[in-house]
Each structure stands twice: as structure tokens, then as C-alpha cells.
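A quick write-up on the structure given underneath.
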Amino acid sequence: MALSRRTFSALAGTAALGLALGGSGGTGALSAYAAREVPTGPPPPAPSVDGRRHTVGFDHYSLLVDGRRLVLWSGEMHPFRLPSPSLWRDVLQKMRAHGHNAVSIYVSWNYHSPAPGRYDFTGVRDLDLFLRTAAETGLYVVLRPGPYINAEIDGGGFPGWLTTTEGRARTADPTYLKHVDEWLTHVDSIAARHLFTRGRGTVLLYQIENEYDSYVHDATGRAYMSHLYKKVRADGIDVPLFHNDKSRNGYWTPGTFDTGGEKGRWLYGFDGYPSPSKTPPDWGRFGTGGATGGTTASPRTPGFVPEFGAGWFDPWGGYWFKGEGYEGSRRTRDAAYERRFYLTNLANGITLHNTYMAFGGTSWGWLPAPVVYTSYDYGAAFTEGRQPTDKLVPMHQIGHMLQRVPDFAKLDRAPDVEAAGLTTYHLKNPDTDAHVYVLRNDGDKEVSSTLRAGGEDLPVTVPGRDARLLVAGLSLGQRRLRYATAQPMLFQAAGRQDVAVFCGRRGDMARVVVECAEEPLVSRLSQQAAYVYDRGLLRVTVPLGAGGLIGARVEGGDGVDRPLLLLFADETTSLRLWPYDTPSGPLLVYGPKLLRTAVLSGSTVHLTGDTVEATDLEVWGPRGIDTVTWNGRAVRTSATGSGSLRAVAPLAGVPKVELPALGGWRMRTENPEAGPDFDDTAWQVADKAASHSTTAVPAGQPVLFADDYGFHYGDVWYRGTFTDATGIESVSLAHSTGTQGLLMAWLDGEPLGSHRMPVPDGDTIRRGTWTDTAVLPVPRRLRTGGRHVLSVLVRRMAHDQDGKAQDTHKAARGLTAVTFTGGSPRVRWRVQGGTAPDPVRGPLNNGGLYGEREGWHLPGFPDGDWEPVAFPRAARRQGVTWYRTTFELAVAPGVDASVGLTLDDDPNRAWRAQIFLNGWNMGQYINDVGPQHTFVLPNGILRTRGTNTLALAVLSERTTLSGPGQVRLTLLGSAAGGVPVTPVPSPGR
Ligand code: GAL
């Protein structure tokens, strides 16, 4: 049926009414459902800790916060992937400044729980601090504590110890649920202190489980989801709960499982990771999802994508991006991708939008799941080194628009329109009659076309594989916009005037037409702005990008008493425009690379932020502002004709940052465990007969799986003692490690050889099992009687994730079976992994290398008697060699330098290194696999004004010469500004 415009909004009204009836069973006033049709109006103010009660409800258009419509423009970051709490504030402030009003976070169970019953939320694990920082930044939080999270993290977030428990995870198994409840109790006791509903924080939404598409139609799946729901509610979490359907399957929509009688407090959300080379999918207002798909699956809840691809991860060897690493991810999901896909999402009625990832960060230590290497940069809008990229252009422009143009919170589908050569979407706000057009070009070539809007034929040009958004009929305060051929970025008050910003591509001709029954007075702020008044319409035309910010001021006529300032910005200019809300009203700042905070006191506005180049500063503030400070220093300004204060001289850029060359290395070899006389009596005897692992225990052999002996992360050593090697030709060592695992073996101290898992490709990534058997010949001279010791070092990488709820995280790690040809000696095994977890750095910092057990990675370890050495170095050896040095940094105060460590060598050399900075395991470099060469050293762990200790634990395979070759510090970016950084405790020996 073709719906007329009228019928369509009438139907929308019916949906809202039905929702009100459905909501009558809801409990408590705190998360009220929409009880009536909620009109379009100003959005709620940025959230803060105000001690007041708030309601969080929704209807099928949007969230309703205290009854006001809120569009959520959220980005994902993982506190556990940035082990320096001060830098959380840096990333959050950057996200807020660039248009986000929410941050979505996973909380990873394994990061907080070294052992059953033991939980740690201190230091780099301080969830309370993260939530406080988000609230102080003015961001809502979408909290996602699993218990399963996937996230390309060890075990998908399950703690190592859970692999040794009985009962199938991600089901209603009672043992599993007992552990889950313990975890949720801990997380929820912190989350409950930060609920937005209570005015104690900004936690707005809470996710249970993650992309749970197993047992969807089984009792155990429903019972599990129901258990989680009720547990979280019992813990006092009263914000709306939701789940992220793995795709638009229509799984876990309201009513599909028992919520204990509660209604109207459950949102349906689905994730989307479409291929950038395909056409963006429709799944809502324009979709064909039918009864089960997309937003149509849950007609009473607003369109919600808890995760929408903003990049993609990369495995060891760089399979996805052909060795290009995360720059390949960023290139294939660039700004145009974001604009094209996210605008399509908006057109489909998505008003809760979270990009995965906004800031990817680092899977430091033993965090990375087998499918990824250390960097989790993800090709996100902010790099792993916290640097902004061009991908922020659409994030910034769309994000600010959604928060500052209220019409976008309530859009219905409107009659189809045409623009030849383009895919078009037409939406309309039923209250304001504002029209929104998304025009998408799915071809590779630029298309110039015409769109009928605002009563005229508008010329539109859309580059290949890009999109743009046009509006007609928007209210601009006391005036009304007939149409604009440039995208609105914001509309706000600034003192006695209103400001509207329009943005587009450099080189585009922007046309903005404002309805003015009487001719207004127009002052051009830049020569490039042209205007003409004709029969009730003021037409302003501006070539974008020709000279930065271009503007015109419109005053008088029609009884209007507030001037309207029209500003025009191209991509780079829009990224220097910063709206900011203060208790005295909004302000707009133009110029610097970043605006972090703005505080008004008396007639002074105190700004903080970053500059890179020397830059202008211009401020449109609330009334009465006459003085400006920047990062604590007074700025001389003069008043302009556009009602702003402009700095008389530019703000200074960042001074050059010099990094020292690294030298003064000392080395020491280890692996005494390989020797026959090594004392292993303190090691555990490996003689268990049964395991909860999904890997079968071989008949007649003991359990050798490292987890069963409490060693869950990093390297593990085995020593097997037996008598009589006469006739033994070879030993077969079956092992299971995750991708790029490595095994090295010795008999009586003599190297037998090494074995490594293959570099992952499409097939192995999909299959996800990395088990193999190393068959190592035994040299004739060792085939003797008497006592022998077989020493084996297994670098296991991480536990598998458990995406399909098959307990795959319980696949064994370490040796799994050992057999011999030419004999079958009885072997008595002992096993040793990491000793007690580092109390500050946590359980995932260390494995069981000798040097780690002895503290060689720690600052202050006495290495004075180690052998001095210089790089590049090339030696042939099987085993472990450590290198240590210290270096001083003296980065100027007030400069935020982001520093990385870069390693390079002949790519044929088979060696790898774990990188320890001040005792913190910053990741793993595999020289002949890559693709990662530069490792981010986060400030806080890195002393930017002081002494640092660097230690490399190098594993060499003896098949080739082994480095290190070049090891150097790299500057990843710098800015004058930054946040104060508290040193992260880094205890030494
Ligand atoms: C999603 C999942 C995330 C992450 C992402 C890929 O399916 O929910 O945790 O794994 O895929 O990066």
C-alpha cells in the first residue's frame, strides 16, 4: 500500500499509543516508558552527576530522557585497552569534542579476576574511576559487562580459570551461573553507584551477554538470558537493558524471554559489520526486514545498533589488509564509508548508534585473542596512539547535528523522491514538518543530479561511494530555513544571537535559503559570501573552503530580535569548530585542534585544549563574556562584528619533541630449564587424570594442559623425566596454542628443534583451531640408557573465544600429548608457568619465562653484570635471550607526546620479542610475521619526564639468525595541551 504523508504519521502515532498501553505493566517510575506522544523539543542537557532522579524511557523514535528526546551518538572504547587511567580522560574528551554524547564500553571479566572469588577493580582496572571520568566529561555510558564479550580478547573475556570449571558456559548451567553471578555482583555494585537514573553518574544503558545466537530457540538460552536480566535488576540496575543481536535476526526482541513480569524496560538492538564494498543495507524505515529483521522486528523500541563497524581487526600476518595493517582498515572504512553507511542508518530510523571502535587501543600483555596481534587500532577514527584522523569529519559533523538539531530525533518515512543516479531517502519530522533527504551514490563515479526539495530543484553532487544529507523546513530559532544544499552541523544560541553552521566538501557551492517575509539586514563576514533577497527568501551562497570559516549575519525584519549568524565550513574547518554547553548557555569556539573544556567564571571564559600548529582562536560566548584564557593563560582578544571575541595573536603550536636514540643495551640468555640438572622440584607435578577442557585427554597419558595447573597466560615450561632413550628415534609433541604459537624442545639440554603454528589465513581464522604436532628427531648420541630430561617451552598465545557458545575457550593450551617412536618410556612430567600474578599489572601481564619468574622485566632489576651489547645483532640460538636498557625522556610540560617503540629486522629472521616498559608487557613483536612494527607506549606507563626501563624477552628459533635489528622510539603525534598524566605505578624489584 502506498501511504500518503498524512497516513504515515497517523500510523506512527498509533504505534506510540500502543506502546503506552503495553507499558502499563512497567515497574517503577525510574525508567518510564513513553506514556504519550512526545513532541519534538530541545534535547536534554549534557549529563552530569546532579543528585537528581531521572527517567530513561523510549518510544519507537528515540530514547526519552526526562521526557525529552535524545539521539545517542556513541563510540566504543575499552578501558582495558588503555592501561593508563589519566588517558581515559584524554580519549573521552576527544570523543565528546568530536560530537559523541556517549561512550560504550565492555568490561572484561578476565581482566578483573585472577582466580575464582578474587576480583580487582583498582589501578588500571578502576571501573569506578572510568565511570566518574565519563560523567565529568559529560558523556553517557553504555555498559557492557558480558559476562561473555567476544571483543577479540583472550577467551572472549572469560577468565582463564573458568576454562577449568565444569558446566557449559553461556547456558543456564548452574555452576556457570554461580560464577557469573559473582562477576555481575562485583560489576553491578560499581555500576549501581553511577546510574544516571539516580543522578549519581551517567550509566544510561546496560547490555547483557553479547551476540548470543546459540540456543535462541532453546529453553536453556531463554533461561540464561532471563537469569542475567533478573540478576542485573536484583543488583539495582534500573536503566533500560538490552542485548546486541549478532545481526538483524530479530533475536531477543521484547517478550522473547522471561523478564520477571517487567515490561517496557528492554531494548532491541542489532549489530552491523557490512562489507564496505557492498551497498549499505536497509533495515528499518526503508528496509524489507519483514517480521523478524532489523528495527521492524521490534516496532515499539527505537532503532538501535549497539555495534556498527567503524573499522575491522587484523590477524597475525595481516591477512585482512594484506600486510598493510590498520591503515588498510582505515582506508577501506574511511570518512566516505562512515558518511555513506551511517547516514543510511539514520535514514532507517537508527537513533541509538554506536561505532565499534571509536578508539581501539592496545591488547597489551596477554589480552589479545588468537585472532589478533597486539595493536587493536581497528582503523578507528582515533588511532591507537590517540591521534585524530580524517574519519572524524563525518563523526563530528553528524554527531553535533544530532545533538543540536532536535528534528532528527523524530523522523518518519516521507513520500519517495528522486534524484537521478542516486539512492534517495526522504524523511519528515511529524511535529516540525522538517524534511531530511539522504542522497547516496553507490557507484564509483561522482554523480551530479537534481533533487526537488523546498519547492525548488536543487543541484546536488555526490562523489562516488559517498552520501550527503540535505534538509528543508528546519526551524532556525525565530526564522525558518527553506532548504540548504549543505548539511546542517549545528544550531545554537550564542549570547544575543543564534548561530547555524552548515558544512560540506571543500569546493562545493553551498546554498542556504532562509524565509524572511521582510528584507533583513545582511552583513557579510567574508567576501566569499554572496546573498540576494527576493520575494520573501534570503539566498546565501558560499564556496566552501575558500578561506576557512565563512559567514554572514542576518538581522531585523519580521519582528525578529535575535540576529542569526550563518557559518559555513568545509571538512577541515568543521573539525576546528567546537560547540560547548555551559550552565550560562552554549558557546562556540573556532580555531584550535581540540577544545577539551570551557568554564565560565564572571566575565571570563576559561578554555582548555590542544594546538598543533599556531592557530587562531575565536569565541562566540554567552552574554557578558569579555575575557578569554587558553590553558590557563590570558589571551588578548578583540570584539568582532559577528559578536565574537577573537585572539589578537595566534595561539602557539607545539614545540618540537626530540626523542633519544636507544643504546646502552645489556643482554643475558636464560632457559636454564632446558638443562638436565635444573632443579624443578618446586614445579607442579603434572599427573592429573581428568580435565574439564574440551580437548580430550589422551588415553594412558596425564593431563598436560597448562590451565589445569593454574597457568592461564603466556609461556609454559614442561620438564619430562624418563629413563632409557635407547632406540628412540623421535618425539611427537602435540600442542595447542592459538595462532602463531611456538614450541621449542630440548633433550638433556640439547636443542631438538622448534615448531610454530602457521600464519593465519581466511580458512584458519574461520576454523579457529590451532593444534598441531611437532615431530622432532632425537640425535643418535642421545639415544642412550639412564636418566633423560625432555624440556619443552610452549608459547601459547591465548584461549579461543567462544562465539558459538560451544565452550571453545576451554580448548587446551600447552602440550596435549607426547609420544615417541622407537620406544615408549614412562615420563614423569612437571610443569611451570607464570608465578603469582603481578599485584599491580594483573594476571595477564606475565607468563612463565625464567626471566619473568625472576623479575628481569622489572625496573630496578640489577643487570649490571649482564653483557653489554649493541643493535643490530644477529646470532643463532634456540631459546630465550633478554635485553635491557634505560632511557630518559624530557618532554616539555604541557606537551602531549605520543610515543611508540619500533622494531625492524631482516624479515626472514625467525625471532619474536615481548616488550616490557617499566615492567608492563606492551605486547609481542614477531619479526618474520608482523605486520605490527610499532608498539604504542602509553604515557603514564611511559615516564615522559624521567627514566624508563625497557626489557625485551627474545625467543629465537635457531632456524635462522636472530635479531634484534633496529629498536627505536617513534613519535606518533604531539600537541600543546593534553591532560595531566599521573604515573601508573610500576613497582620494580
Ligand atoms: C562483534 C562482537 C565484538 C567484536 C566484533 C569484531 O561481533 O560483538 O565483540 O568481536 O564483532 O571486532
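The values are calculated or read from the model by the stated rules, or taken from the named source; none is laboratory data. Predicted, not measured: the structure shown is a model, and the values here were computed from it. Every residue, glycine as well, gets a Cβ built from its backbone with ideal geometry; the counts of neighbours run over all protein chains shown.
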Taking the criterion of being part of a loop (DSSP other than H, G, I, E, B), of a type in the set (Lys, Arg) and within 14 Å of the ligand (Cβ to nearest atom), would at least one residue in region 315-335 satisfy it? yes
The condition of being of a type in the set (Ser, Thr, Tyr) and within 25 Å of the chain's Cα centre (by Cα) holds, among 175, 163, 202, 171, only for 202
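Test residue 628 against the criterion of being surrounded by 12 or more Cβ atoms within 10 Å (Cβ to Cβ), part of a strand (DSSP E or B), out of contact with any Phe, Trp or Tyr (no Cβ under 8 Å at 6 or more places or on another chain) and β-branched (Val, Ile, Thr), and give yes or no. Give the steps one after another, and end with the answer.
Numbers: surrounded by 12 or more Cβ atoms within 10 Å (Cβ to Cβ): yes; part of a strand (DSSP E or B): yes; out of contact with any Phe, Trp or Tyr (no Cβ under 8 Å at 6 or more places or on another chain): yes; β-branched (Val, Ile, Thr): yes.
Yes; evaluated as a whole, the condition is true for this residue.
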When the residues of region 163-175 are narrowed to those that are buried (at least 21 other Cβ atoms within 10 Å of the Cβ) and of a type outside the set (S, T, N, Q), which ends up nearest to the ligand (Cβ to nearest atom)? 170
Mind listing whichever residues of region 211-225 are within 16 Å of the ligand (Cβ to nearest atom) and within 12 Å of residue 169 (Cβ to Cβ)? 212, 214
The conditions are (1) under 30 Å from residue 67 (Cα atoms); (2) free of Cβ contacts under 8 Å to residues at least 12 places away in the same chain, and residue 457 fails exactly one of them. Which is it? (1)
Against the conditions (1) over 22 Å from residue 193 (Cα atoms); (2) of a type in the set (Asp, Glu); (3) within 16 Å of the chain's Cα centre (by Cα), where does residue 76 fall short? Just the number, please. (1)
Conditions: (1) at pLDDT below 95; (2) within 28 Å of the chain's Cα centre (by Cα). Residue 9 meets all but one. Number of the miss? (2)
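Quick one: in region 257-284, which of the residues that are within 21 Å of residue 184 (Cβ to Cβ) and out of contact with any Pro (no Cβ under 6 Å at 6 or more places or on another chain) is nearest to the ligand (Cβ to nearest atom)?
The first filter runs over region 257-284 and keeps only residues within 21 Å of residue 184 (Cβ to Cβ), leaving 257-262, 265-267, 269.
Those left that are additionally out of contact with any Pro (no Cβ under 6 Å at 6 or more places or on another chain): 257-262.
Values: 257: 19, 258: 24, 259: 22, 260: 26, 261: 29, 262: 25 Å.
Among residues in region 257-284 that are within 21 Å of residue 184 (Cβ to Cβ) and out of contact with any Pro (no Cβ under 6 Å at 6 or more places or on another chain), the one nearest to the ligand (Cβ to nearest atom) is 257.
Tell me whether region 362-370 contains one or more residues that are closer than 30 Å to residue 505 by Cβ and under 16 Å from the mean Cα position of the chain (by Cα).
Filtering region 362-370 down to residues closer than 30 Å to residue 505 by Cβ leaves none.
Within region 362-370, none of the residues are closer than 30 Å to residue 505 by Cβ and under 16 Å from the mean Cα position of the chain (by Cα).
From 303, 287, grab the single residue that is farther than 28 Å from residue 763 by Cβ, in contact with a strand residue (DSSP E or B) (Cβ under 6 Å, 6 or more places away or on another chain) and of a type outside the set (Lys, Arg). Explain how you work it out, then say what you get.
Numbers: 287 fails: in contact with a strand residue (DSSP E or B) (Cβ under 6 Å, 6 or more places away or on another chain).
Testing whether each residue is farther than 28 Å from residue 763 by Cβ, in contact with a strand residue (DSSP E or B) (Cβ under 6 Å, 6 or more places away or on another chain) and of a type outside the set (Lys, Arg) leaves just 303.
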Looking only at region 827-886, which residues are among the acidic types (Asp, Glu) and part of a loop (DSSP other than H, G, I, E, B)? 863, 865
Within region 141-162, take every residue that is more than 10 Å from the ligand (Cβ to nearest atom) and among the aliphatic types (A, V, I, L, M) and give me the one that is farthest from residue 100 (Cα to Cα). 162
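So that you can scan it fast, the table gives a plain yes or no per residue for (1) in contact with a Pro (Cβ under 7 Å, 6 or more places away or on another chain); (2) farther than 15 Å from residue 551 by Cβ:
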| site | (1), (2) |
| --- | --- |
| 487 | no, yes |
| 493 | yes, yes |
| 506 | no, yes |
| 509 | yes, yes |
| 512 | no, no |
| 520 | no, no |
| 524 | no, no |
| 530 | no, no |
| 538 | yes, no |
Hey, does region 904-927 have a residue that's free of Cβ contacts under 8 Å to residues at least 24 places away in the same chain and closer than 15 Å to residue 666 by Cα? no
Condition first: farther than 18 Å from residue 146 by Cβ and assigned to a helix (DSSP H, G or I). Can you find one or more residues in region 96-106 that meet it? yes
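Quick check on this structure: which one of 336, 369, 358 is surrounded by fewer than 24 Cβ atoms within 10 Å (Cβ to Cβ) and either assigned by TED's automatic domain parsing to the domain that holds residue 488 or of a type in the set (Gly, Ala, Ser) (or both)?
On the way: 369 fails: surrounded by fewer than 24 Cβ atoms within 10 Å (Cβ to Cβ); 358 fails: surrounded by fewer than 24 Cβ atoms within 10 Å (Cβ to Cβ).
Sole residue among the options that is surrounded by fewer than 24 Cβ atoms within 10 Å (Cβ to Cβ) and either assigned by TED's automatic domain parsing to the domain that holds residue 488 or of a type in the set (Gly, Ala, Ser) (or both): 336.
Take residue 831 and tell me if it is buried (at least 21 other Cβ atoms within 10 Å of the Cβ), β-branched (Val, Ile, Thr) and more than 30 Å from residue 214 (Cα to Cα).
yes
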Confirm whether residue 421 is farther than 14 Å from residue 470 by Cβ and buried (at least 22 other Cβ atoms within 10 Å of the Cβ). no
Go through the residues of region 295-306 one by one and say whether even a single one is within 14 Å of the ligand (Cβ to nearest atom) and modelled with pLDDT under 95. no
In this structure, does residue 740 turn out to be in contact with a Phe, Trp or Tyr (Cβ under 8 Å, 6 or more places away or on another chain), in the same structural domain as residue 788 (by TED's automatic domain parsing) and modelled with pLDDT under 95? yes
Considering residues that are β-branched (Val, Ile, Thr) and in a loop (DSSP other than H, G, I, E, B), the number found within region 389-444 is 4
Matching residues in region 704-724 (buried (at least 19 other Cβ atoms within 10 Å of the Cβ) and closer than 23 Å to residue 366 by Cα) number 14
Give the residues of region 383-392 that are in contact with a helix residue (DSSP H, G or I) (Cβ under 6 Å, 6 or more places away or on another chain) and surrounded by 24 or more Cβ atoms within 10 Å (Cβ to Cβ), sorted by residue number. 391
Selected residue (only one of 978, 900, 894 is on the phi > 0 side of the Ramachandran plot and under 25 Å from the mean Cα position of the chain (by Cα)): 978
Determine whether region 481-492 contains at least one residue that is buried (at least 24 other Cβ atoms within 10 Å of the Cβ), in contact with a Ser or Thr (Cβ under 8 Å, 6 or more places away or on another chain) and over 23 Å from residue 43 (Cβ atoms). no
Tell me yes or no: at least one residue of region 348-355 is crowded, with 24+ Cβ neighbours inside 10 Å, touching a residue at least 24 places away in the same chain (Cβ under 8 Å), more than 16 Å from the ligand (Cβ to nearest atom) and in a loop (DSSP other than H, G, I, E, B). yes
Can you find even one residue in region 807-817 that is away from the ligand (no atom under 16 Å from the Cβ), farther than 26 Å from residue 683 by Cβ, not in a loop (DSSP other than H, G, I, E, B) and not assigned by TED's automatic domain parsing to the domain that holds residue 955? no
With the condition kept exactly as written, say whether any residue in region 336-347 is within 22 Å of residue 399 (Cβ to Cβ), within 16 Å of the ligand (Cβ to nearest atom) and assigned to a strand (DSSP E or B). no
